[in-house]
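These notes concern the structure reproduced below.
Values quoted throughout were computed directly from the atomic coordinates according to the rules given, and no laboratory measurement underlies them. Fair warning: this is a prediction, and the values are worked out from it, not measured in the lab. Cβ placement follows ideal geometry from the backbone for every residue including glycine, while neighbour counts extend to all protein chains displayed.
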Amino acid sequence: MEINSQYKLLIVDDVAENVELLVESLEPCNYNIFQCSSGEECLELAAKISPHIILLDVSMKGIDGFETCRRLKKNKETSHIPIIFISGRTDGADLTEGFSSGGADFVNKPFVIEEVILRLNRQLEIQNLFQANINLIDKLERQNQQLIQSEKMASVGQLVAGVAHEINNPTNFVSNNLEGIERENKKLLEILEEIVPRGNSESDRFYGVIDPRFITIQEMIDGATEGTGRISRIVKSLSDFSRHEEELPSKTNINEIIKSTVQILKFNLDSVDFSMQLSEAHEFLGFPAKLSQVIMNLLTNAIYAAKEKTTETPKVQIKSYENAENIFVEIYDNGNGISKELRAKVFDPFFTTKPTGVGTGLGLSISYSIIHDQHGGDLSFVSDSQGTVFTIRIPRNKNI
Ligand SMILES: Nc1ncnc2c1ncn2[C@@H]1O[C@H](COP(=O)(O)OP(=O)(O)OP(=O)(O)O)[C@@H](O)[C@H]1O
Ligand SMILES: [Mg+2]
């Protein structure tokens, strides 16, 4: 009877002797037994301890067993718990009311303990099968989401890789030509200096006019070179992002991923008060492109939330740090936060509060599965009306 020790059983009866007798008789079964003596208490306790099964007396003072059952079934947190009524009167009308209130079975009073145990175990078995089914459906749904996402990312990735390539070529023309202009400019000055040697009053006047021009041209060349450098960095970030998904994990540096993702989002981040604080982070085995996707999702959500609150300057921060076991990334925004009612839903696929066309509602569900399923970590958040912090935790695998 060992197996029963894992099951929480709640016994509800307003006659103390009945409860005692049941507790005593069920002792050898090793259930984890809880007890209370009214329907009202049962509602409260069931929501708190989430029992696997409830043995519920029908006639009690206050709300009776049938009404208690109806209320348990109405509450999302307790509706799945199988309920077995214990009743002294089980005529046809009682049975009908009991089953239609959501009860799973009846035990007659005075009870035969072997029968109670059989009925309890049968309901627990049914419940287990039911749960196994739900788990299977969940798993299928998650796999389906991942499939959709990986197809979506593959086509976005190809497009981005193509665009990056197209931009790369002309950028190279520009930067090569800029180097040429810089060389020619220097040569031109040397030629001039040969023709008009420096060091006399006439040539001083001449170079007084010429030198500032050469300096201005050099400054323009520097400015343009800075610009092409920036384009190259963006293109590199884009191609890192679109890199085809590795089948195997590779050495991953979280700070590099954060920096390249921030580069891609630079335009959006410029519209908020953004700060980045990266502490030393050791490399680990991971999937860089997928992690970049997670950080991009979280930053995009944070920017959106911060900008939605119009009463304060929108603020977004990203931080990385580590301890001996884990690497952490925190993304903070000073938006309105996620309301209590929505907190349980935000990781659900397709859950979004954004207008149609703005959000698909897939961001967090995919991010969660990337962190949880592919990196063995956690994605969690704390949120109130002052803002939200999402935290990524990834275990450091030290064998690299
Ligand atoms: N930082 C945040 N502050 C407030 N609400 C948030 C925050 N992050 C997520 N949410 C809420 O969670 C919902 C789901 O987020 P998720 O990233 O999964 O989808 P989305 O951003 O709506 O769409 P998508 O990411 O597909 O563009 C959002 O619509 C929003 O209501
Ligand atoms: Mg999102």
Quick note, the stretch 146-242: a/c under 1.5 would make it rounded; otherwise a/b > b/c is prolate and the rest oblate (a ≥ b ≥ c, C-alpha gyration tensor); here it is prolate
Bridge orientation stat for the chain from DSSP, antiparallel percent rounded to 5, came to 50 percent
Low-density loop GluC sites (Glu not before Pro), the stretch 311-400, at most 14 other Cβ within 10 Å, DSSP non-H/G/I/E/B, are E312, E325
FRET E, pair R89, D273, Förster distance 56 Å, beta-carbon r, rounded to 0.05: 0.20
So if each residue of separation counts as 0.36 nm, and I subtract the Cα-Cα distance between A344 and I49, what length gain in nm does that give? 104.3 nm
Could you sort out which of K139/K290; K8/K354; K307/K340; K290/K354; K236/K345; K48/K319 sit more than 31 Å apart by Cα distance in this structure? K8/K354; K236/K345; K48/K319
Taking Cα pairs under 8 Å and at least six residues apart, what relative contact order does the stretch 250-395 come out at, in percent? 23 percent
All aspartates and glutamates inside 12 Å of K315 as judged from Cα atoms, apart from same-chain residues fewer than 8 positions distant: D270, D273, D333
Charge dipole of the stretch 250-395 built from unit charges on the beta carbon (Lys, Arg +1; Asp, Glu -1), centred at mean Cα; most positive-end Cα among F350, I370, I338 is F350
Taking trypsin sites (Lys or Arg not before Pro) that fall in a DSSP loop and have at most 15 other Cβ atoms within 10 Å as cut points, what is the longest piece of the chain between them? 90-197
Give me the dipole magnitude in Debye, nearest 20, for the stretch 250-395 about the Cα centre, with unit charges on the beta carbon: positive for Lys and Arg, negative for Asp and Glu. 320 debye
FRET efficiency (L136, E179; Cβ distance; R0 60 Å; to 0.05) is 0.45
Need one word for the stretch 220-346: rounded, prolate or oblate. Basis is the Cα gyration tensor (sqrt eigenvalues a ≥ b ≥ c); a/c below 1.5 gives rounded, then a/b vs b/c decides. oblate
Between the residues L129, V262, V174, the Cα farthest towards the positive end of the dipole of the chain, that dipole coming from +1 and -1 charges on the beta-carbon of Lys, Arg, Asp and Glu, is from V174
About the Cα centre of the chain, what is the dipole size in debye to 20, counting +1 per Lys and Arg Cβ and -1 per Asp and Glu Cβ, all else neutral? 880 debye
Calculate for the chain the 222 nm mean residue ellipticity that helices alone would give, adding -39,500 (n - 2.57) per DSSP H run of length 4 or more and normalising by residue count, nearest 500 deg cm²/dmol. -18000 deg cm²/dmol
Taking a cut-off of 19 Å between Cα atoms, list the lysines near K109, but don't count ones fewer than 8 places away on the same chain. K61
Return the FRET efficiency for the residue pair S203, E226: r is the Cβ-Cβ distance, R0 is 51 Å, and the value is rounded to the nearest 0.05. 0.95
What residues qualify as long-range amide H neighbours of I327, i.e. H under 5 Å apart, gap of 5 or more or another chain, H built at 1.01 Å from N? I394, R396
Starting from the Cα gyration tensor of the chain, take the square roots of the eigenvalues, sort them a ≥ b ≥ c, and report rounded, prolate or oblate (rounded when a/c is under 1.5, otherwise prolate if a/b is larger than b/c, else oblate). prolate
